[in-house]
Structures are given as C-alpha cells and as structure tokens.
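The values are calculated or read from the model by the stated rules, or taken from the named source; none is laboratory data. Computed from a prediction, not measured in an experiment: that's the story for all the values here. Glycine gets a Cβ as well: all are built from the backbone with ideal geometry, and neighbour counts include every protein chain shown. Quick note on the areas: whole protein, heavy atoms, side chains included, nothing else; ligands and nucleic acids left out. Shrake-Rupley method; radii C 1.70, N 1.55, O 1.52, S 1.80 Å.
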Amino acid sequence: MSLVKKFAKFTGWIVAHVLEAMTTGITTLAAFFSLYLFNSLAMKLVGFFGFLLLGFLLSIVLAKLRGEDKV
C-alpha cells in the first residue's frame, strides 16, 4: 500500500472519529441544557432523553458508516 493511500485511510479514520465525538458531545450538552431551558417536567424529561437517544443513534449510524458493525 502506498504512503498516500495509508495517509488517506488514516485521515478518514480520524475525521470519522472526530465527527462522532462532536455529535456525541453536542447531543449530550443539549440534553443537559434541556433540563434548564424547558419549564415543565414533562418537556425537560422528553428533551433530555430525546437528545440522549439522538446521540446514541447517531453514534450507531456513524459506526456503521465506518464499517465497525462487522464482527
């Protein structure tokens, strides 16, 4: 494998993991901010668990796109 292909593969791997870390971090912060932004308890809980679920699903989708779902 040439040096350019190895570099491209490594760069793609890094970008994919950084993207997953950013989406997970943003959805986690949004989940905690929803506890402060909403007024009713129901909206707080829906916002919190909704953002946590969104972060979990995005993490699964990005892992599948990277090909990490194969055992």
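Here are a few things to note about the model shown:
- Scanning the stretch 31-59 for residues that are part of a helix (DSSP H, G or I) and either within 20 Å of residue 69 (Cβ to Cβ) or in contact with a Gly (Cβ under 8 Å, 6 or more places away or on another chain) (or both) turns up 31, 34, 35, 37, 53, 54, 55, 56, 57, 58, 59.
- Flag if residue 1 is assigned to a helix (DSSP H, G or I), hydrophobic (A, V, I, L, M, F, W, C) and either loosely packed, with under 10 Cβ neighbours inside 10 Å or modelled with pLDDT of 90 or more (or both): no
- Test: residue in the stretch 17-26 that is without any contact (Cβ under 8 Å) to a residue 40 or more places away in the chain, in contact with a Gly (Cβ under 9 Å, 6 or more places away or on another chain), part of a helix (DSSP H, G or I) and among the hydrophobic types (A, V, I, L, M, F, W, C): yes
- Top-ranked residue of the stretch 14-70 - restricted to ones that are among the aromatic types (Phe, Trp, Tyr) and open to solvent by less than 80 Å² (accessible area, probe 1.4 Å), ranked as farthest from the chain's Cα centre (by Cα): 38
- Members of the stretch 4-13 that are closer than 20 Å to residue 67 by Cα, open to solvent by 100 Å² or more (accessible area, probe 1.4 Å) and of a type in the set (A, V, I, L, M, F, W, C): 7, 10, 13
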